[in-house]
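Taking it in order: structure first as structure tokens, then the write-up.
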Amino acid sequence: MPYIDIGEAQLWTEDTGGDGPPLVLLHAAAGNSTCWAEQRPLFEAGGHRVITYDMRGFGRTRSAPGLQAAGSMTADLEALVKRLELPQFSLAGTARGAVCALEYALDNPSSLKALVVSTSYGGLTDPEFARFRARHIAPGLLGLPTEEKELGATYRAAHPEGVIRFLDMTQGSDWEEGGSWQPVREPLTLARLARMAVPALVIAGDEDAYAPPPVMRTIADHIPGARFEVVQHAGHSAYWERPQEWNRLVRQFLHTHA
């Protein structure tokens with residue numbers, strides 16, 4: 001530690017240790033594991049063993065030359081779990097990290113006590129889902145500045161210093177240098193979600209430009225028994241914009257299932 005060697009990459013990993021129930025947090029494409037500054041101490045104080053890492057191509061993780069996008073996010077997480085010899089744990093992902101979390105939960109249900117999917121359209125490839133989502137997002141979304149895509153209007157207006165810290169946090173990922181990021185191992189679809197066998201909490205932000213509440217509700221409706229919550233006055237980075245509310249929802253859910 002802090003590097004975990006998984007062969008093709010050395011994952012920058014921070015592990016609070018201890019005997020508490022493990023909680024793994026997966027960051028978004030906009031950023032790296034330092035994004036969890038408002039979550040790590042709180043969940044550690046609550047008795048959890050908190051584990052965060054920079055996914056391949058992000059932050060301080062080192063990839064073998066030309067292999068920044070090799071393999072799959074899911075396989076890297078599986079390798080990390082094996083190296084850390086984790087017992088059954090809880091997994092929470094935001095945005096791109098939630099895509100990895102979904103596939104990991106589908107492929108490794110016995111490893112998990114609970115799953116949290118936050119502000120993410122899940123990378124779902126169903127044509128009908130893509131058409132539905134397109135009706136709820138701005139046509140020029142991808143061309144907007146990072147802060148307008150990732151942060152809600154309420155947060156940007158009230159916390160200009162937080163916007164600056166967020167933008168600083170998002171800098172310095174390998175994939176930004178003309179590369180790409182790791183995929184999942186198989187396309188994620190609504191039919192795959194229907195096979196989920198892990199208790200799931202799905203969190204939306206009411207100002208999320210990427211995955212508005214109707215989109216997140218559709219995901220929740222396809223996961224058997226999933227709980228659905230909306231964080232008010234939050235965009236695509238609800239964990240950053242409204243950490244107290246996000247943490248409260250996750251803590252309640254983990255208290256029940258983990």
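Summary table below
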quantity	calculated
Cβ-Cβ under 8 Å pairs, at least 6 apart or on other chains, the stretch 132-144 side within 14 Å of R217 (Cβ to Cβ), far side assigned to a loop (DSSP other than H, G, I, E, B)	R133/Y121; R133/A211; H136/P212
Any hit, the stretch 55-70, residues being at pLDDT 95 or above, within 12 Å of the chain's Cα centre (by Cα) and closer than 15 Å to L254 by Cβ	no
Exclusive hit being crowded, with 20+ Cβ neighbours inside 10 Å, farther than 19 Å from H257 by Cβ and among the polar types (S, T, N, Q), set T94, T125, T119	T119
Single condition H233 does not satisfy, out of (1) crowded, with 21+ Cβ neighbours inside 10 Å; (2) outside any helix (DSSP H, G or I); (3) out of contact with any Pro (no Cβ under 6 Å at 6 or more places or on another chain)	(1)
Qualifying residue in the stretch 32-39 (condition: modelled with pLDDT of 95 or more, surrounded by fewer than 21 Cβ atoms within 10 Å (Cβ to Cβ) and either hydrophobic (A, V, I, L, M, F, W, C) or assigned to a loop (DSSP other than H, G, I, E, B) (or both))	yes
Residues of the stretch 108-131 classified as part of a loop (DSSP other than H, G, I, E, B), hydroxyl-bearing (S, T, Y) and free of Cβ contacts under 8 Å to residues at least 40 places away in the same chain, total	0
Single condition A9 does not satisfy, out of (1) under 18 Å from the mean Cα position of the chain (by Cα); (2) buried (at least 20 other Cβ atoms within 10 Å of the Cβ); (3) among the aliphatic types (A, V, I, L, M)	(1)
Filter pass, T154 being surrounded by fewer than 19 Cβ atoms within 10 Å (Cβ to Cβ), within 20 Å of the chain's Cα centre (by Cα) and more than 28 Å from S110 (Cβ to Cβ)	no
Residue satisfying all of: in the stretch 48-101; of a type in the set (G, A, S) and either in a strand (DSSP E or B) or in contact with a Lys or Arg (Cβ under 6 Å, 6 or more places away or on another chain) (or both); farthest from G31 (Cα to Cα) among these	S90
Criterion: free of Cβ contacts under 8 Å to residues at least 40 places away in the same chain and in contact with a Ser or Thr (Cβ under 6 Å, 6 or more places away or on another chain) - qualifying residue of E103, E44, E85, E78	E44
Pairs with Cβ under 8 Å, 6+ apart, first in the stretch 152-163 and free of Cβ contacts under 8 Å to residues at least 24 places away in the same chain and aliphatic (A, V, I, L, M), second part of a helix (DSSP H, G or I) and exposed (fewer than 15 other Cβ atoms within 10 Å of the Cβ)	none
Out of D107, D76, sole residue that is among the acidic types (D, E) and either buried (at least 21 other Cβ atoms within 10 Å of the Cβ) or in contact with a Gly (Cβ under 6 Å, 6 or more places away or on another chain) (or both)	D76
The listed residue being crowded, with 18+ Cβ neighbours inside 10 Å, outside any loop (DSSP other than H, G, I, E, B) and of a type in the set (A, V, I, L, M), out of V198, V215, V184	V215
Number of positions in the stretch 1-31 that are under 16 Å from E78 (Cβ atoms) and at pLDDT below 95	2
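The values are calculated or read from the model by the stated rules, or taken from the named source; none is laboratory data. Predicted, not measured: the structure shown is a model, and the values here were computed from it. A quick note on method: Cβ atoms are made from the backbone with ideal geometry, for glycine too, and the neighbour counts reach across all protein chains shown.
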